[in-house]
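See below for the structure under consideration.
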Amino acid sequence: MPRTALRICPLCEATCGLSLTIEGSRVTGARGDRDDVFSSGFICPKGASFGALDADPDRLTRPLVRKDGQLQEVGWDEAFDAVAAGLRPLVETYGPNSVGVVLGNPNVHTMAGALYPPVLLGALRTRNLFTASTVDQMPKHVSSGLLFGDANAIPVPDLDRTDHLLLLGANPLESNGSLCTAPDFPGKLKALRARGGTLTVIDPRRTRTAKLADRHLAIRPGTDALLLAALAHVLYEEKLVDVGPHLADQVQGLDELGDALREFSPEAVAGRCDIPAATIRLLARELAAAPTAAVYGRVGSSTVAFGTEASWLVDVLNILTGNLDRPGGALFPLSATAPTPRPAGPGKGFALGRWSSRVSGHPEAKGELPLAALAEEIDTPGEGAIRAVIAIAANPVLSAPDGDRLDQALDSLDFMVSVDPYLNETSRHAHVVLPPPPPSRSAHYDFAFNTFAVRNQARYTPAAVPLEDGQPDECTIHARLVLAASGQHGAPAGAVDEMVIGAALAKATATPHSPFFGADPERLARELSGGTGPERRLDMMLRLGPYDLTLDQLLAHPHGIDLGPLKPRLPAILRTRSGRIELLPQPIADDLPRLRRELDTTETGLVLVGRRHLRSNNSWMHNIPALTGGSNRCTLQVHPDDAAGLGLEDGRPARVRAAGGEVVAPVEVTDAVRPGVVSLPHGWGHDRPGTRLGVAAKDPGVNVNQLLDGSLLDPLSGTAVLNAIPVDVADVADVADVADVAADARVPS
Ligand SMILES: Nc1nc2c(c(=O)[nH]1)N[C@H]1C(S)=C(S)[C@@H](COP(=O)(O)OP(=O)(O)OC[C@H]3O[C@@H](n4cnc5c(=O)[nH]c(N)nc54)[C@H](O)[C@@H]3O)O[C@H]1N2
Ligand SMILES: Nc1nc2c(c(=O)[nH]1)N[C@H]1C(S)=C(S)[C@@H](COP(=O)(O)OP(=O)(O)OC[C@H]3O[C@@H](n4cnc5c(=O)[nH]c(N)nc54)[C@H](O)[C@@H]3O)O[C@H]1N2
Ligand code: SF4
Ligand SMILES: [Mo]
C-alpha cells in the first residue's frame, strides 16, 4: 500500500512543503503540500521530480576509497579510517592551514550542512575556507556587515505587502528566489501587480520575470551600482530623502553619503548603464512616492565587479526612502532558531581583511577566502600551500572560475575527501568519497533559509524513508568526519553533538539576556527531546530561540507553525560600533573612486552574462531525464543584430573566447538578450572522464567558467566576477584551427 510522508523540498531556496507518495522504500510521487503553513501547495517541476532525483541510479550508495589509483567501494569504518590516516599526518606536519575546506551550495539545503561545518572549522582552525558565497552572495554579507554590523543581517523584500518592487539581477520565475525565501515567488509577484503595485525589473535579458513586470530595463551588464547610485543621487537632489521617523535616530552618515554620491547624476550614468536619464529620475521619484517599496538585487547585481557597492546601494535606497524595517518595505526575518535577540546597543562592528590569502593577498571576508583563489592556493608551492581538501557538497570544478586549472590542482593534492552523492567533476579527484543518503532518508529543517524567509515560520520533517542497514545519515557522516579530521577518530559520532550542546548551554546559562540565564546546563541538556543528536540540537536551538518553541511542538504540527508576518527589528539587530546604521562605511567610501572611474569608461564590447533554467540547479541536476532537454540546454544566446554582425547562425557552433580560455557552444539567436550581450548558463561541462553521471554525460554542455581566469573579483568581498565578462565570439568556421578548438572545448558530437 502506498503511504504519504511530508518532506520540505531541499532543491532550491523556496523550501516548499512536499507530500511524497512512497511505495516500499521508493518515492513514487511528489505533490505540493496544500496544508503547508508557508507554501500552501506550491510546487515546481524540480520538486515534482523529487522521486526521480531521489532514486537516481548513479547516486553512490557506499563510500569510495582510492586504492592503487582506483576508487573502490568499501565499508564506512574503512572509509573513515582512510580519512583519519590521510588528513592527520598532513595537519600534524604542515599545520592546520595545509587543509582547505570547500563548502558548496547544498550545505544550506541540509541539516548536516548547517550543524557540522562550523564544528569542523572550529576543530581544524584552518584559515583556508572557501565557499560558494564567493561565487554568489558575499557582497551582500559584506554590505550588511558594514551597514548593520552583522554580515548575516540581510533584509528581505516584504513581498506580500509591498506596493512597489524594484528588482535587479534576479529571475525568480526560474530561480524561485534567493536571499528571499518565498514559496511561489511568481504568484507573489502576480499578486503584487493584481493589488495595484508596481514591478520594475532591471536585467540585460528579457526574462520570464521581466515579462511579468510593469517595466523592464535592459541595463548594460555590470553597471547596476551606477544606476543605483544615480537613484540615490536623485533622492538627495530632489529632496526626496526621508528615512522615516522610525529610522531618524538610527542612521548616521546621511550628509556624507549625499556628498559622496554627488557625481553620480542620472545624466552621468545614463550612457554607461544605457538607460535614459529621464527614466532614472522617474524610477527614483516613483520609489520615493510609493506608499511602501522595496529594492531587491540578486546574482546579476552581486557577481559583478561592483557587487558590494550594488548590494550596499540596494539597502541604502531602502533606507533613504524610509522603507527599511517597515512593513511593505525590506525587513529582517526572525527565525525560530536564531539566538534570542540581545538588547540594542553598540557592538563589535564588522572587520574585513583580518588575514589575507597567501598567493594573491586577497583579504578575507567573513572568515572566507575567494573560491576563485582555491586553485592557486593549491598549485603554488611553498610554505602554507594547501595539501589536502575537504570538499562538502561542492563542485568547484564547474562552479568556480578556471575549472581546468582547479581540476589539475585537485589532482595534485596529497589527500582529498568529498562528501557528495555523486562521482562528478570534483569528487572524482577525491581519495575518499563519503556519499550521503538520498533526501527522502534525511530529516529536514531550514536553519539558513528561515533567516531569509518572507514570513516567519518553523517546519520540521523527519526522514520520510528509513535508512538502509548500515547507511549513516549525512549528520552522522559529518560528525565522523569532524572526529577523523580532528584527531578523535573512533570516538562515537554522538560525542560531537553532546559537545556542541554542552558548550551552547554553558554559554546561554551565563548570558544575562538568555531565557536560561542562571539555569543548570546539565539539567537543560537532560531535558532536551529528540531521537538523534541533530534533533536534540534543533530542540535546543528552538528553546534558546525567540519563540520559545520545542521540537515536540514542531512534530505535533507536521505542516509547520506559522509565526506571522515580518516585524520591525531595529535597533536590536545592529552590531555596529556606533550602534547605528553606518550609511557610508569607510571601506565603501574608499572604493567609490573606482566606481567614479567607471563613469568615464567607454568600453562597449560584447559581454557575457549567465542564466538559470527552472528545471536545473547549478551543476548537479543534469543527470535526471525529467529535468533535462527542451529549453534546458547549454546554448549561447545571441541577439539577432549581433548574430548578423558576427556571422553567427542559430544552431551552429560558436567559439567564445575570454581571458581564461575558450568554449564552443551552439548558438541560440533570440532577442531576449539585449544587443551587446551573450548568455551561457553555468554548471555544464559533464564530459570529464572518471565521473559517474550517465545521463548528464550524454548532453554535457560546456563549462562557462572556463572563460574566467580567476583574477577578476569584486575587491571588497572577494567574489568572482561571473557576469559582464568581456568575450569575443565567432562562428567556428571562422576560427583558424577548428579541429583543435573543438577538441579543446569538447564539443558534444
Ligand atoms: N558562471 C557562473 N558560475 C556560477 C554561478 C553563476 O551564476 N554563473 N552561480 C554560482 C552560485 S550562485 C553558486 S551557489 C555556485 C554553486 O556551486 P557549488 O557550491 O559547487 O554547488 P553545486 O554546483 O550545486 O554542486 C553541489 C554539489 O553538492 C552535491 N550534493 C547535492 N546534494 C547533496 C547533499 O544532500 N549532500 C551533499 N553532501 N552533497 C550534495 C552535488 O552532487 C554537487 O557535487 O555556483 C556558482 N557558479
Ligand atoms: N532553477 C534554478 N533555481 C535556482 C538555481 C538554479 O541553478 N536553477 N540556483 C540557486 C542559486 S545557488 C541561487 S544563488 C539563486 C539565484 O537566483 P537569481 O539571483 O534569481 O539568479 P538568476 O536566475 O541567475 O538571475 C540572475 C539574473 O541576472 C541577470 N544579469 C546578469 N548580469 C546582470 C547585470 O549586470 N545586471 C543586472 N541587473 N542583471 C544581470 C541575468 O540575466 C539573470 O536573469 O537561484 C537558486 N535557484
Ligand atoms: S520551488 Fe524550489 S523548493 Fe519549491 S518545489 Fe521547486 S525546487 Fe522545491
Ligand atoms: Mo547560489
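Only the coordinates and a few stated rules stand behind these numbers; no lab work does. Since the model is a prediction, treat every value here as computed from it, not as a measurement. Virtual Cβ from ideal backbone geometry, glycine too; neighbours counted across all protein chains shown.
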Subject >> Whether the chain is rounded, prolate or oblate, judged on the alpha carbon gyration tensor where a/c under 1.5 counts as rounded >> reply: rounded
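For the chain, what is the calculated [θ] at 222 nm in deg cm²/dmol (nearest 500), taking -39500 (n - 2.57) for each run of four or more DSSP H residues and dividing by its residue count?
Details: 26 runs with 231 residues, N = 749.
Value at 222 nm, helices only: -8500 deg cm²/dmol.
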Original post:
Can you give the net charge of the other residues whose Cβ lies under 13 Å from the Cβ of His109, counting K and R as +1 and D and E as -1?
Top reply: -1
**OP:** Compare the Cα positions of Gly661, Pro715, Ala644 along the charge dipole of the stretch 602-745 (+1 at Cβ of Lys, Arg; -1 at Cβ of Asp, Glu; about the Cα centre) and return the one farthest towards the positive end.
**Re:** Pro715
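Treat the count of other C-beta atoms within 10 Å as a stand-in for reagent exposure and order Arg62, Arg387 from fewest to most.
Numbers: Arg62 15, Arg387 20.
Going from least to most buried by this count: Arg62, Arg387.
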**OP:** Restricting to the chain, compute how many DSSP beta bridges are antiparallel as a %, nearest 5.
**Re:** 55 percent
Original post:
By the scheme Lys and Arg +1, Asp and Glu -1, what is the net charge of all other residues having a beta-carbon under 15 Å from that of Arg26?
Top reply: 0
Subject >> Net length gained if the chain between Asp160 and Arg208 were fully extended (0.36 nm per residue, minus Cα distance) >> reply: 15.3 nm
Original post:
How big is the gap, in Å, between the Cα center of the stretch 293-361 and the Cα center of the stretch 649-719?
Top reply: 30 Å
Subject >> Extension reserve of the Ala491-Leu240 stretch, reckoned as 0.36 nm per residue once the Cα distance is removed >> reply: 84.1 nm
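If I stretch the segment between Thr340 and Arg262 completely, what's the gain in nm (0.36 nm per residue apart, minus their alpha carbon distance), one decimal?
Values: separation 78, 0.36 × 78 = 28.08 nm, distance 4.09 nm.
Full extension of this stretch gives 24.0 nm more.
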Original post:
Going by average Cβ neighbours within 10 Å, how do the peptides 729-735, 410-416 rank, with the highest at the top?
Top reply: 410-416, 729-735
**OP:** List, in order, the whole-Hz ³J(HN,Hα) value for each residue of the stretch 341-351 obtained from phi through the Karplus relation with A = 6.51, B = -1.76, C = 1.60 and θ = phi - 60°; use x for Gly and Pro.
**Re:** x, 8, x, 5, x, x, x, 7, x, 10, 10
Subject >> Cleavage-rule hits (GluC sites (Glu not before Pro)) in the stretch 287-389: DSSP loop, at most 15 neighbouring Cβ within 10 angstrom >> reply: Glu383
**OP:** Rank these for me by crowding, Ile477, Ile624, going from fewest to most other beta carbons within 10 Å.
**Re:** Ile624, Ile477
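Hey, can you rank 264-270, 417-423, 40-46, 554-560 by average C-beta count inside 10 Å, highest first? Display every interim value, and only then the final one.
Values: 264-270: 20.7, 417-423: 25.9, 40-46: 18.9, 554-560: 16.7.
Output ranking for 264-270, 417-423, 40-46, 554-560: 417-423, 264-270, 40-46, 554-560.
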Original post:
What residues from the stretch 695-714 fall in the zone where the backbone N is under 14 Å from a label point 7 Å along the Cα-to-C-beta line of Ala52?
Top reply: 695-696
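Assuming a ≥ b ≥ c are the square roots of the Cα gyration tensor eigenvalues, decide whether the stretch 1-55 counts as rounded (a/c under 1.5), prolate (otherwise, with a/b larger than b/c) or oblate. Kindly include the intermediate steps, with their values, before the conclusion.
Working: a/c = 2.39, a/b = 1.41, b/c = 1.69.
Verdict is oblate for the stretch 1-55.
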**OP:** Using the Karplus curve 6.51 cos²θ - 1.76 cosθ + 1.60 with θ = phi - 60°, work out ³J(HN,Hα) for each residue of the stretch 355-369 in order, rounded to whole Hz, and write x for Gly and Pro.
**Re:** 8, 10, 6, 5, 7, 9, x, 5, x, 5, 9, 6, x, 10, 9
**OP:** For the stretch 492-558, go through all pairs of different Cα atoms, get the mean of 1/r, take its inverse, and jot down that Kirkwood value in Å.
**Re:** 12.1 Å
Subject >> Loop sites in the stretch 428-507: GluC sites (Glu not before Pro), DSSP, at most 15 other Cβ within 10 Å >> reply: Glu468
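Determine, for the chain, the count of lysine pairs separated by eight or more sequence positions (or lying on different chains) whose alpha-carbon distance falls under 20 Å. Please list the in-between numbers first.
Working: Lys46/Lys188; Lys140/Lys348; Lys140/Lys366; Lys188/Lys211; Lys188/Lys567; Lys190/Lys211; Lys348/Lys366; Lys348/Lys507.
Lysine pairs, 8 or more places apart or on different chains, close enough: 8.
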Subject >> Residues of the stretch 17-43 with amide N under 11 Å of a point placed 7 Å along Cα→Cβ from Arg3 >> reply: 22-25
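Would you work out the charge dipole size for the stretch 138-334 about its Cα centre, treating the Cβ of every Lys and Arg as +1 and the Cβ of every Asp and Glu as -1, and quote it to the nearest 20 debye?
Values: 19 positive and 23 negative charges, 192 e Å.
Taking the Cα centre of the stretch 138-334 as origin, the dipole is about 920 debye.
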**OP:** Pull out a ≥ b ≥ c, the square roots of the eigenvalues of the alpha-carbon gyration tensor of the stretch 411-557, then state rounded if a/c is under 1.5, prolate if not and a/b is larger than b/c, and oblate in the remaining case.
**Re:** prolate
Original post:
How would you rank 607-615, 701-709, 446-454, 488-496, highest first, on the average number of other Cβ atoms within 10 Å across their residues?
Top reply: 701-709, 446-454, 607-615, 488-496
**OP:** Compute the relative contact order of the chain as a whole-number percentage, counting only Cα pairs closer than 8 Å that sit 6 or more residues apart in sequence.
**Re:** 19 percent
Original post:
In nm, to one decimal, how far is the modelled label at Asp77 from the one at Ser711, with both set 7 Å along Cα→Cβ?
Top reply: 5.3 nm
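Lys and Arg at +1, Asp and Glu at -1: add these up for the other residues within a Cβ distance under 9 Å of Ser143 and post the number. Write down the numbers at each step before the final one.
Values: positive: Lys140; negative: Glu309, Asp315.
The answer is -1.
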